[in-house]
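Visitor: Got a structure for you, questions after.
The values are calculated or read from the model by the stated rules, or taken from the named source; none is laboratory data. Note that the structure is a prediction, hence the values are computed from the model and not measured. When we count neighbours, we look across all protein chains shown, and the Cβ atoms used for this are built from the backbone with ideal geometry, even at glycine.
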Amino acid sequence: MKLLATLLAVLVAGAGCAAQPAPADDAAACNNAGFLATQHAHANRAEVTFCGTVVRLRPALHTRSGWHRYIFIDVGHNNPIEIDANLDEMGSFPVTLGEHAAVKGEYYYDPNGREGVHWTHHTDRGSHPPGYLNLNGTIYR
């Protein structure tokens, strides 16, 4: 029953996020409770929108799907989540530790326990919902 309640919370939270455009003021887009429910349920491929603080940066790497920058955002409670930003789609952008960030993308949870958020960009391929990364009020897609 508890699992069912958690999954319903995830579905309700995700339904409210999927159709939202990137707002000029990202405070209204922060759905940290919905994101945390998604994360707790390991709801792979769920659309999420949340806010936090940039706490760690990794160098860009070339992967099988192109160049990616890895940004860790703390959503509270010392809970950093990896953001996989596709630089081939979004272009290069500045980011520094301590910045406020709002993220819209797709949560993933791999069988080996690795988790993060990707699809934080627009796409011209397929029908995947566009995401964004808002850093101190500047939106990158």
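Visitor: What are the residues in the range 82-103 that are assigned to a strand (DSSP E or B) and either free of Cβ contacts under 8 Å to residues at least 40 places away in the same chain or within 10 Å of residue 141 (Cα to Cα) (or both), if any?
Guide: Looking only at the range 82-103, we keep the residues that are assigned to a strand (DSSP E or B), and these are 82-86, 100-103.
Once the filter is applied, which keeps residues that are assigned to a strand (DSSP E or B) and either free of Cβ contacts under 8 Å to residues at least 40 places away in the same chain or within 10 Å of residue 141 (Cα to Cα) (or both), the range 82-103 yields 82, 84, 85, 86.
Visitor: Residue 138 fails exactly one of the following numbered conditions: (1) farther than 11 Å from residue 54 by Cα; (2) surrounded by fewer than 17 Cβ atoms within 10 Å (Cβ to Cβ); (3) in contact with a strand residue (DSSP E or B) (Cβ under 8 Å, 6 or more places away or on another chain). What is the number of that condition?
Guide: Result: residue 138 fails condition (3) only.
Visitor: So, residue 79, is that one surrounded by fewer than 16 Cβ atoms within 10 Å (Cβ to Cβ) and either touching a His at 6+ places or on another chain (Cβ under 6 Å) or within 18 Å of residue 31 (Cβ to Cβ) (or both) or not?
Guide: Criteria met by residue 79.
Visitor: In the set 87, 97, which member is modelled with pLDDT of 90 or more, farther than 21 Å from residue 119 by Cβ and touching a strand residue (DSSP E or B) at 6+ places or on another chain (Cβ under 9 Å)?
Guide: Numbers: 87 fails: farther than 21 Å from residue 119 by Cβ.
Answer to the selection: 97.
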